[in-house]
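Some notes on the structure that comes next.
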């Protein structure tokens, strides 16, 4: 993946009411397909309120399974286990959906947050999205480290109840967790004229005072540059012969960004320490045949 450091000042200026926060985690490395389910855990450094979760679906399976746990101690090292019952659980949820927990889960300082998640159904194998071990992360402006945990089954067969272990040196199973008080992202609106995609970089969500990472995959479309539409509101407007507009491009369109690659190009936008708010983004790939458009992406800044 190519990384470009760029700074359209108007994008930063457009970020002007913070939404819930997705914590940083490892970038995707590979998919582990098995009847086993993986995730990660960490200790809450302060009071936290978990509101949303989503499993990345790089294999395009289409369904996700998520179990959220509130533990009083860290999971023991494999092959020892501890019995666990989820505080929140869901399966057969479309993987394009960011799950809003029916009741937010509050963690007090010192509680252990654990999550298991994969894409699949309630039987057979599931697809775990793997990322590098022990990624440095943060929540509510405080540093944390994410550690690998798992259960030796497809958690959908028991609705998340099982025997959990840890394996700190191993790859984490990636699940996007969103806590109240910081950055978020939500993909919306599917264009009708191509397969290019726009996503938040999982290791660089929109945290004030840091760099926001946006990743664009060309989907195979030829292009020499990228234009980024920056608006406040979402739209879903098919335009004959053009595609679907997912964003009302007000206040601006930024031109001249470097071309997007087939394996993904990351664009970095440094944010000020006072940045806050919400914007909606959509990219268009320039210089090739037609104007391939990405999905829309709503991004909110937080701590």
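Derivation of every value follows stated rules applied to the coordinates shown; laboratory data play no part. Just so it is clear, the structure is predicted and the values come from calculations on it, not from any experiment. Glycine gets a Cβ as well: all are built from the backbone with ideal geometry, and neighbour counts include every protein chain shown.
Relative to the 2.2 N^0.38 Å rule of thumb, the stretch 160-242 has a C-alpha radius of gyration ratio of 1.50.
Across the chain, Cα-Cα distances exceeding 35 Å account for 19% of all pairs. Under Stokes-Einstein, with the Kirkwood radius over Cα pairs as Rh, the value for the stretch 173-303 at 37 °C and 0.692 mPa s is 221 µm²/s. Length available on full extension from residue 92 to residue 72: 0.36 nm per residue minus the Cα-Cα distance, which gives 4.3 nm. Here the calculated FRET efficiency for residue 235 and residue 132, from their Cβ-Cβ distance with R0 = 45 Å, stands at 0.75, rounded to the nearest 0.05. Note down the relative contact order for the stretch 253-302 as a percent, whole number, built from C-alpha pairs under 8 angstrom at least six residues apart. So the answer I get is 34 percent. Distance between the modelled labels on residue 224 and residue 121, one decimal in nanometres: 4.8 nm (7 Å Cα→Cβ projection).
On full extension, the segment bounded by residue 253 and residue 106 gains 49.0 nm, given 0.36 nm per residue less the C-alpha separation. The share of alpha-carbon pairs in the stretch 22-179 lying farther apart than 28 Å comes to 8%.
Using the Cβ-Cβ distance between residue 153 and residue 262 with R0 set to 35 Å, the FRET efficiency from 1/(1 + (r/R0)^6) comes to roughly 0.45. Evaluating kT/(6 pi eta Rh) at 4 °C and 1.567 mPa s, with the Kirkwood radius of the stretch 53-116 over Cα pairs in the Stokes-Einstein relation, gives 98 µm² s⁻¹.
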